[in-house]
1. Relative contact order for the chain: what is it in percent, counting Cα pairs under 8 Å that are at least 6 residues apart?
2. As a check on your grasp of the helix formula, calculate [θ] at 222 nm for the chain: sum -39500 (n - 2.57) over DSSP H runs of n ≥ 4, divide by the residue count, round to the nearest 500.
3. Calculate, in nm to one decimal, what residue 207 and residue 152 gain on full extension: separation in residues at 0.36 nm each, minus their alpha carbon distance.
4. Can you give me the pair-distance distribution of region 9-125, C-alpha pairs, 5 Å bins, whole percents?
5. Within region 104-161, what percent of beta bridges assigned by DSSP are antiparallel, to the nearest 5?
6. Nearest-5 percent of antiparallel DSSP beta bridges in the chain?
7. Can you tell which of 77, 40, 181 shows the greatest fluctuation in a Gaussian network model of the chain with Cα springs below 10 Å?
8. Among 144, 33, 72, whose mean-square fluctuation peaks in a Gaussian network model of the chain (Cα, cutoff 10 Å)?
């Protein structure tokens, strides 16, 4: 996979498939919204959705009154689709076209959300870079929510190998800088009536002196 062009791959996915035809399609992101409710996240919170693509989380957050939302995705096509869907509301979102492994934020965040982006990182250096970016750019006491395929979930997605996680292995990735608050496993029903098992873990940024 040394010559794999990640951006080209995802641009092709979003240019050739409708949202309802991809496995991650989720009209209401109930698990993600659950964590916002659990922490009673204020509307002024600085939120970033990593690998948000054209998912519906941003729609729900806007409807809930969130005022400072960033959506990052490697695919310009995905971002443009989301903008088109949102219409005038799109101007209330900060859109970031970037590969998260080389992402250099210009601000820090209070709530970092990632459903199904992290598990596409299989290279140890890229995983470490992701964790370091999160460490540097989440505010003290900030929240990090990561959802990945569990060890009972798929081993590939969109033709790409992924890295499965359990509560233990996902926690181990982040526990140097973050304290685990809660982990849950959930089944996601795809548009093709198949089930994908996810593990979601929520962490608090440690205050390091």
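1. Reported as a whole number, the value is 19 percent.
2. Taking each H run of at least 4 residues, the total per residue is -8500 deg cm²/dmol.
3. Between residue 207 and residue 152, full extension yields 16.4 nm more.
4. Spelled out bin by bin, region 9-125 gives 2, 11, 22, 25, 22, 13, 5, 1, 0 percent.
5. 25 percent
6. Rounded to the nearest five, the antiparallel share is 50 percent.
7. Most flexible of the set in this elastic network: 40.
8. Greatest mean-square fluctuation among the candidates belongs to 33.
Bear in mind these aren't lab numbers, they're just calculated from the coordinates by the rules spelled out. Treat the numbers as computed from the prediction; the structure is a model and nothing was measured. Glycine also receives a Cβ, built like all others from the backbone with ideal geometry; neighbour counts cover every protein chain displayed.
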